[in-house]
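Taking it in order: structure first as structure tokens, then the write-up.
The values are calculated or read from the model by the stated rules, or taken from the named source; none is laboratory data. Model, not experiment: these values are computed from the prediction. Because the Cβ atoms are built from the backbone with ideal geometry, glycine has one as well, and the counts that use them run over all protein chains shown.
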Amino acid sequence: MLCLDFFCCGALMLCCTRLCGALPASHGRRLIPGHDPAVTETSSASKVSHHGPQTAACFVDDIFEVLRDAVAPDGELTNDSLSQFGVCTASDSSSGSVLLELAKEASRNQRHGLEALHPTGVLLAEEEQKGTLMLTFDLPPSHLLKRSPALLLAFESPPTGGIVDVTFTSQSLHPHAQTVCISGETRYMLLTGKATEANVYQKWSISVETKSPDMSRSLKDILIGGRSGTDISVVPLLLFSGERGTDTSSPLASSQTSFLCELKRFLSDVLPQDHRELSPLLLDSLQSLPPLMLDLSSSDALLAGLINSSSITIFSFSSWSSVFQVHRGELSFPPALLEELKQRLEETAGKITQVIRDEQAGQRATERLERLKDLCVSVDGTGSRTGASQYRAFILLKALQTVARAYEVQRGLRATRAGSDNPVRANICGLRSLTVSLEKRIGLPNSVNINNCHGSCAFPMSNGNNHAVLLNFHIEGENVDERAPCCVPVAYDALDVVDLNEHGTFLSTKKDVVARECGCR
């Protein structure tokens, strides 16, 4: 038997002490990775973990994305989505209907979609003699609790083994008893709860059991069989559908977060990917100009230069460790430059839409681009662009410019390869593709084509300077002790890194990174 305890409590630590006293032979487990819990020990055999969630910034938005994909073109749930959310049968009127409602809500306008609430603390204790687990989730005061929530338990890693039927029973659920079927395809467990009192700290109490001792052991392996054998492998989240309330302070409902998360997915979908195993490049080791913060104080000259820059841009989400740390970016463009930003964004978006069709990137990429454009529109109702929407429009423009540049390079390389059938042309000093892998923490794109120069610098040279011509003439006179002219880069483009973290948005320019032109030197 597995018990998840949620009950009303005003003092968090008082609740911990009381629960520990009731479980003198329990052993603690962490629920959410990436955060060291505070450990309280009431005896040598008793440990508990109590801490708040520490999830990636796009965790909630990624779940909304999964929900959007759960509905088939005919408006019904797909069989894959039923398995993915642990719904036992399509005829399950409880969880099946709620899942369908959530999925349709996630597909609607961003301003009237789902809202989410994280528990503020998690307590887990285990009594090994009885094989019982006790979980306590602390829920913060929120107007959302007046609505009926769906409790989603997301697996950190896919479960293994056969199908396990798990029955959840609680007065806090509606209906009181609900069954989840966990299989290798299951990524989430979905339960339907009742509306409760808002503006007070709350905890729910839910008992969980399986049909046999063998299945109970399987359930325990699924829930705490993490990499270390001590981590709980599910992350809890409460989802609420319906019109958004007036409390927009929660970053979970932030248009900024939705925009940046959608941008990550879009870039992942449309940027050309190099799947070779390459040694990662550490960008911190490259010489860089001093980083500039992009905010309301950014000069008009800086913003104009960035709009017109042709440099490849890397978007770094390296410090995006928590959903509670996404900053609110804002920019202020003068009217003329704002109009130029708008026109360039429309033109570049149209070009990328055509690229998506030509490269067969799929309907999903087109839909993502439309959502990104919608999120760049002002929400103040006056028709003017707010500082936040100007920021999003600028970031989207730089992202689309990077995508356009990547495909221009790719088309140029295709033309170069097509011309390589001519052995004379193929041997002339010229630009060739060279892709380097970026360290995983950097972001997107995860590799960059910096180019390199290859080919012969033999006479006659079409791309050599006077020094190279005279040097080559000298060597051909049998003066073999001198270095021959080499095919090398003679012009470069910079690489811009936009770092988005909890402190703001920073631009770091790495000079002379991408070879643009070759010559014999």
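For the stretch 480-510: of the residues being among the small types (G, A, S) and touching a Lys or Arg at 6+ places or on another chain (Cβ under 9 Å), which is nearest to L331 (Cα to Cα)?
That would be A494.
Return the pair list, or none, for Cβ contacts closer than 6 Å from residues in the stretch 193-222 that are within 16 Å of I182 (Cα to Cα) to residues that are among the aromatic types (F, W, Y) and modelled with pLDDT of 75 or more, at least 6 apart or on different chains.
If the second residue must be among the aromatic types (F, W, Y) and modelled with pLDDT of 75 or more, the pairs left are V208/F168.
Filter the stretch 71-91 down to residues that are over 16 Å from M189 (Cα atoms) and polar (S, T, N, Q) and give me whichever is surrounded by the most Cβ atoms within 10 Å (Cβ to Cβ).
That would be T78.
Looking at G519, is it touching a residue at least 60 places away in the same chain (Cβ under 8 Å) and at positive phi?
no
Among the listed residues S311, S322, S318, S288, identify the single one that is assigned by TED's automatic domain parsing to the domain that holds T505, at pLDDT below 85, of a type in the set (G, A, S) and touching a Lys or Arg at 6+ places or on another chain (Cβ under 7 Å).
Only one candidate passes the filter, namely S318.
Listed here are the residues, each with its yes/no results for (1) part of a strand (DSSP E or B); (2) surrounded by fewer than 16 Cβ atoms within 10 Å (Cβ to Cβ).
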residue: N472; (1), (2): no, no
residue: R483; (1), (2): no, yes
residue: D496; (1), (2): yes, no
residue: K510; (1), (2): yes, no
residue: E517; (1), (2): yes, yes
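What strands (runs of 3 or more DSSP E) completely inside the stretch 346-458 contain at least 2 residues that are modelled with pLDDT of 85 or more?
Correct list: 430-432, 452-454.
Scan the stretch 201-217 for residues that are in a loop (DSSP other than H, G, I, E, B) and buried (at least 19 other Cβ atoms within 10 Å of the Cβ) and report the count.
3
I'm trying to understand the selection: among the residues of the stretch 171-200, which are assigned to a strand (DSSP E or B) and of a type in the set (A, V, I, L, M)?
Matches in the stretch 171-200: L173, A177, V180, I182, M189, L190, L191.
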